[in-house]
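The values are calculated or read from the model by the stated rules, or taken from the named source; none is laboratory data. Worth saying up front: this structure is predicted, and the values here are computed from it rather than measured. Cβ placement follows ideal geometry from the backbone for every residue including glycine, while neighbour counts extend to all protein chains displayed. Side chains are part of the model used for accessible areas, which takes the heavy atoms of the whole protein and leaves out ligands, DNA and RNA. Shrake-Rupley method; radii C 1.70, N 1.55, O 1.52, S 1.80 Å.
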Amino acid sequence: MSTPSAPPPCPHLAAHRLSSRPLRFLRRCLRVRPLGRPEIRRDPRELPRCSPCAAASPSPSPRLYACLSCAAVFCPSHAASHASASAGPGHQIAVDVDRAELFCAACGDQVYDPDFDHAVFLAQSSSLLPSTSSTSPSPAPRKRRRVDYRAWAPDPAEFALMSSADPTTSASAAAPAGLRGLNNLGNTCFMNSVLQALLHAPPLRNYFLGDRHNRFLCPRRTPVRHRAAEAEAAKVACLACDLDEIYSAAFSGERMPYSPANWWQHASNLASYEQQDAHEFFISILDHIHENIKDDQHKSHAQGHGDCCIAHRVFSGILRSDVTCTSCGFTSTTFEPCMDISLDLDVGDNTPFGVANTKPHVRNGERGLAGMNSKVSTLMRCLERFTRAERLDAEQKFFCERCDERQESLKQMSIRRLPLVSCFHIKRFEHSAVKKVSRKVDHCLQFPFSLDMAPYLSSSILRSRYGNRIFPAEASDADAVSELSSEFEIFAVITHSGKLEAGHYVTYLRLNNHWYKCDDAWVTRVEEHTVRTSQAYMLFYVQKTLYYKACERAAAV
């Protein structure tokens, strides 16, 4: 049996050995990273770049090679042209500056040199072992000296790199940062659509990209390895850590679709290969975020406070419910927190009891009649219907404290406090208890990209009810802040197409004033008309301006 022969040595490397000194001299240029990976740097602060590529485009090349003869740095394509254009010998051999590997530009392959390999081995060994001397004793440890803090200032190379880069985009100028598809794991379009909207919610995005929750330092992070009877004793995985991981993956610059495989454990009631509801998954995720992060905050854990966790600080608002007795005029007021607002599709049906205003109005850029018949519904009419006074049924008579008996009453909802991100859930799925059938409402919904929520606030509705005769107890700081920050901008739309049993969810994202369609793993740019004609199921709006109570200043989102 014959042993395989070794490949012939590179002739260019052999010629370089004869005409130059041994490659062991490169040891003084070797730098070892914290994880033991060697690199070639004459100066630790050096940022090598390909000179021809730097003159053509500012983006750095993924692989860079330094010529051993002239120390010029080139990318793989320019390294080959440099080797062929140089007259003298030795320009064919280069070294990978980030991997510390020899490369022959003429052969187009890596080459091996024992002297250079020995130098790399010695550099890695010296970085792992403490530097000790057998002849001289080690000096006594010195007391650490306190150094005053100095702000970081970029050097000229770093400043040039930052000036050439756009902070709102990644390496590809055509696609904004964070735009990455999500693989469908089997009827998981409902999950992917919600995750895309959460990934680009500005306050939530800034929280996790700002390292407010670090998955590597979280004490809760323990994978679920137990099943059945041992599941209760096992420590469940942390949803906040998984959010931190998916944010890091989405904004890493990688364009290959990401697989959110570990998200099933946070919605075990939806873990199946059947079509599920995106709105139900959205509420389940916010509840899990509240359970995971609320203990990390040194604030009230009450959900109505709206400041117990990042989920409630971003999505939580307060609704006001007024029930007025039609006999004596006594009003009972209650407040309840809400993470979203579910709206019925109003297609211009007749207004019951003559309570709503039928005068022409102009609101949010659309003109119409509040009670006219139309086959197209608008978001403003849905909000008007939500905040419209309605008469309770005879079975729902209100117990009036003043009359001391049950009386007919009017109920009116309004928004006491607006959240940073308003989510509107459009009720497209109806169930008839009499016919015992379910159906989907396919009416078109028109929605504005800029939304003014001032007409639906409690302060506005109280003024329309009482004029300017509002008692001081009715007003509060929350009402004043909501009036100041009542203007919203849309940034995500989740749509549902198809039937009730077999449909598909798609998310449209508004990034850098352009719309992108996220259809599971496929991400494409679309026109504004495509978004307006889609069947919106969930709408996400973010406040245009954030007002900080501590310093009473306004900062744009």
Quiz prompt | Long-range amide H partners of VAL111 with built H, under 5 Å | solution = LEU102, PHE103, CYS104
Quiz item: Stretch ALA72-ALA15 to full length: gain in nm at 0.36 nm per residue minus the Cα-Cα span?
Solution: 18.6 nm
Quiz prompt | Potential lengthening between PHE121 and ARG33 on full extension [0.36 nm per residue; Cα-Cα distance subtracted] | solution = 30.3 nm
Exercise. Would you mind checking which residues have amide H under 5 Å from ALA492's amide H? H placed 1.01 Å from N; only 5 or more apart, or other chain.
Key: ARG510, PHE540
Quiz item: What figure in square angstrom, to the nearest 10, would you give for the accessible area of ARG510 with a 1.4 Å probe?
Solution: 50
Quiz item: Once amide H atoms are placed 1.01 Å from N in the peptide plane, what residues at a sequence separation of 5 or more from SER377, or on another chain, have their amide H within under 5 Å of its amide H?
Solution: CYS444, GLN446
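Suppose the chain between ARG463 and CYS218 were pulled fully straight at 0.36 nm per residue; how much longer would it get relative to their current alpha carbon spacing? Mind dumping the intermediate values first?
On the way: separation 245, 0.36 × 245 = 88.20 nm, distance 4.82 nm.
The ARG463-CYS218 span can extend by a further 83.4 nm.
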Quiz item: So, in nm, how far is label PHE330 from label LEU47 when the simple model puts each one 7 Å beyond its Cα toward the Cβ?
Solution: 7.2
Practice problem: Apply 1/(1 + (r/R0)^6) to the Cβ-Cβ distance of LYS411 and ASP211, taking R0 = 56 Å, and write down the FRET efficiency to the nearest 0.05. | Solution: 0.80
Self-check item: Residues of region 505-521 with amide N under 16 Å of the 7 Å Cα→Cβ point at GLU489
Solution: 509-516
Quiz prompt | Whole-Hz couplings from phi, Karplus 6.51/-1.76/1.60, listed for region 105-110; x for Gly and Pro | solution = 5, 6, 7, x, 8, 6
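Suppose accessible area is computed on protein heavy atoms with a 1.4 Å probe; arrange PHE429, PHE159 from highest to lowest. Could the numbers behind the result be given before it?
Working: PHE429 65, PHE159 120 Å².
Output order, biggest surface exposure first: PHE159, PHE429.
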